2 protein chains.
Amino acid sequence: MKLREVITEDQKKFARYAKAMGHPIRMYILDTLSKQSCCYSGDLSEVLPIAKSTLSQHLKELKDAGLIQGETEAPKIKYCLNRENWKEARNFYQKFLGD
Amino acid sequence: MKLREVITEDQKKFARYAKAMGHPIRMYILDTLSKQSCCYSGDLSEVLPIAKSTLSQHLKELKDAGLIQGETEAPKIKYCLNRENWKEARNFYQKFLGD
DNA sequence: ATCTTTGTTCGTATTTTTACGAATAACGAA
DNA sequence: TTCGTTATTCGTAAAAATACGAACAAAGAT
């Protein structure tokens, strides 16, 4: 017998997005990508005071959450926002945060 | 000698807000508070499938992040959104997520 | 085929988050 | 003062997040 579920799918989905945004480094990455169309891991690595492997992890988190996407352009990988989900997030948080 | 800081204060601040929103339970609480003016911990406790102490922890996180505020109304505590910061968050995420 | 460049994955350590029940605190009511 | 109600704090355990360097993978250049 399953407990009545009080948390909606939307609440879960947008908690997930928020969680992905919930780290300064990831916020920086998203901010950067929202201002220029795309960038490479190396561009970020040059400027961010963290190990490359750590940066990769953050990029993976953002990708897994659906906020960015990566396209191989060997030997580089070009990262861009996932525009579709980004839009979805915008619509939700706009409504959520108020009128 | 201090490294040049690449992460802005805004990125840190709004990463903090996002982090607070980054859990389904906390998303539920914020959603509830955004739809009705206020509520008591007990109201939430009745409906959420978690221990009261866990709920208290989540409320504390939201309070520490500045997204809600609690007012004693003994022996209860009335929780409401922190409207000022809520507004600040709205403005930021609106700009951040796009035009 | 080997080297170089670009990033990721692996292994691991540390810190933080999440969760619970028991104990405690605050305060009004009896 | 003692009791009941409402929540928080404490102590603790388990899971997840964060970070690093070393090892590895992929593909173009030599």
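Each value in this text was obtained by applying a stated rule to the coordinates, not by laboratory testing. Every value quoted in this text rests on a predicted model; they were computed, and no experiment measured them. Neighbour counts run over all protein chains shown; Cβ positions are idealised from the backbone, glycine included.
A few remarks follow.
- Distance between modelled label sites at B:K76 and A:Q94, nm, 7 Å Cα→Cβ extension: 3.6
- The GNM of chain B, with springs linking C-alpha atoms under 10 angstrom apart, assigns the highest mean-square fluctuation among B:P75, B:P49, B:P24 to B:P75.
- Using a 7 Å Cα-to-Cβ projection, A:Q94 label spacings across copies, nm, ascending: 1.0
- Alpha-carbon radius of gyration plus Dmax, which is the widest Cα pair, for the range B:11-97 in Å: 12.9, 41
- For A:I50, the distances from its label point to the matching points in the remaining copies are 2.4 nm, ordered from shortest, with each point set 7 Å beyond Cα toward Cβ.
- Pairs of C-alpha atoms in the protein assembly as shown farther apart than 26 Å represent 38 percent of all such pairs.
- Distances between copies of A:C80, taken at a point 7 Å out from Cα along the Cα→Cβ vector and listed shortest first: 4.6 nm.
- Database note for chain A: Cys without another Cys beta carbon under 4.7 angstrom, A:C39.
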